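As structure tokens, the structure follows; a few thoughts come after it.
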Amino acid sequence: AQTVTQSQPEMSVQEAETVTLSCTYDTSESDYYLFWYKQPPSRQMILVIRQEAYKQQNATENRFSVNFQKAAKSFSLKISDSQLGDAAMYFCAYRPGGSNYKLTFGKGTLLTVNP
Amino acid sequence: KAGVTQTPRYLIKTRGQQVTLSCSPISGHRSVSWYQQTPGQGLQFLFEYFSETQRNKGNFPGRFSGRQFSNSRSEMNVSTLELGDSALYLCASSPGGGYEQFFGPGTRLTVL
């Protein structure tokens, strides 16, 4: 069974600084997708960034980028120029390829942004 | 496009009762998944429906069931409620393929 591990229950960062959230996963599949989701206190889960396993290039979305190390099964999220609105719970998630849409989530990392 | 909507947003039930939660996916999305979120267990997959068929199922007892209608709207039912069923229930829809799932705001279920 696939597992996703987020080893940092809580992280904090100063506004305008950079922070990296860690995620490791375990799978025997070669085709899969990885996601970072953000859940602010209002509870609506929103996608931050996605990565296809077959793509070697790391995904980037504005201030958010990932470091995808397929051999090490590592998928970290870097947030640059942190803003107060980035404060939220961040979840790393894994989805196999094909028609299985089940997302396996890590336990989450609570990010605090200090002004 | 309107996002994923879930009704009701809050529910209070007592042990032994049953409950039905509703989810309307984003227009055009044929896949609907349900997740249970609790402080202790985190986010756990319940089941996924695609074109009215359950394609995948998580490790939940048979008290948890769902269905999907021809317009892709989905319902989740929990029978004989237990205190441990208190949770935030999230619905997510997807257009399919490698696309991400889009989540609704959730239904907060409290079982007394």
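The values are calculated or read from the model by the stated rules, or taken from the named source; none is laboratory data. In this text the structure is predicted, and so the values were computed from the model without any measurement. As a convention, Cβ positions derive from the backbone with ideal geometry for all residues, glycine included, and neighbour counts pool all protein chains shown. Note: areas computed on protein heavy atoms with side chains; ligands, DNA, RNA excluded. Shrake-Rupley method; radii C 1.70, N 1.55, O 1.52, S 1.80 Å.
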- Query: Looking only at region B:77-110, which residues are over 18 Å from B:Gln6 (Cα atoms) and either in contact with an Asp or Glu (Cβ under 7 Å, 6 or more places away or on another chain) or at the interface with chain A (Cβ under 10 Å from one of its Cβ atoms) (or both)?
  - Reply: B:Gly96, B:Gly97, B:Gly98, B:Tyr99, B:Glu100
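Table: residues versus (1) within 19 Å of B:Ser86 (Cβ to Cβ); (2) more than 14 Å from the chain's Cα centre (by Cα).
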site	(1), (2)
B:Ile12	yes, yes
B:Gln17	yes, yes
B:Thr20	yes, no
B:Tyr35	yes, no
B:Leu43	yes, no
B:Tyr49	no, no
B:Thr53	no, yes
- Where in region A:5-64 are the strands (runs of 3 or more DSSP E), entirely inside, with at least 3 residues that are surrounded by 14 or more Cβ atoms within 10 Å (Cβ to Cβ)? A:19-21, A:32-39, A:46-52
- Look at B:Gln41 and say whether it is in contact with a Cys (Cβ under 7 Å, 6 or more places away or on another chain) and closer than 30 Å to A:Pro9 by Cα. no
- For region B:51-72, indicate whether the set of residues that are closer than 28 Å to A:Gly97 by Cβ and touching a residue at least 60 places away in the same chain (Cβ under 8 Å) is non-empty. no
- From B:Ser70, B:Ser74, grab the single residue that is buried (at least 17 other Cβ atoms within 10 Å of the Cβ) and either in contact with a Phe, Trp or Tyr (Cβ under 9 Å, 6 or more places away or on another chain) or more than 10 Å from every other protein chain (Cβ to nearest Cβ) (or both). B:Ser74
- Among B:Thr38, B:Thr80, B:Thr14, which is open to solvent by 10 Å² or more (accessible area, probe 1.4 Å), touching a strand residue (DSSP E or B) at 6+ places or on another chain (Cβ under 6 Å) and either at pLDDT 95 or above or of a type in the set (D, E, K, R) (or both)? B:Thr38
- Message: I need the full set of residues from region B:1-49 which are part of a loop (DSSP other than H, G, I, E, B) and free of Cβ contacts under 8 Å to residues at least 24 places away in the same chain, in order please.
- Response: B:Pro39, B:Gly40, B:Gln41
- Message: I'm trying to understand the selection: among the residues of region A:75-111, which are over 16 Å from the mean Cα position of the chain (by Cα) and within 12 Å of B:Leu43 (Cα to Cα)?
- Response: A:Lys102
- Task: Only residues in region B:100-112 that are outside any strand (DSSP E or B) and surrounded by fewer than 20 Cβ atoms within 10 Å (Cβ to Cβ) count as the first member; pair them with residues that are among the aromatic types (Phe, Trp, Tyr) and modelled with pLDDT of 95 or more, Cβ under 9 angstrom, at least 6 apart or cross-chain, and list the lot.
- Result: B:Glu100/A:Phe35; B:Glu100/A:Tyr37
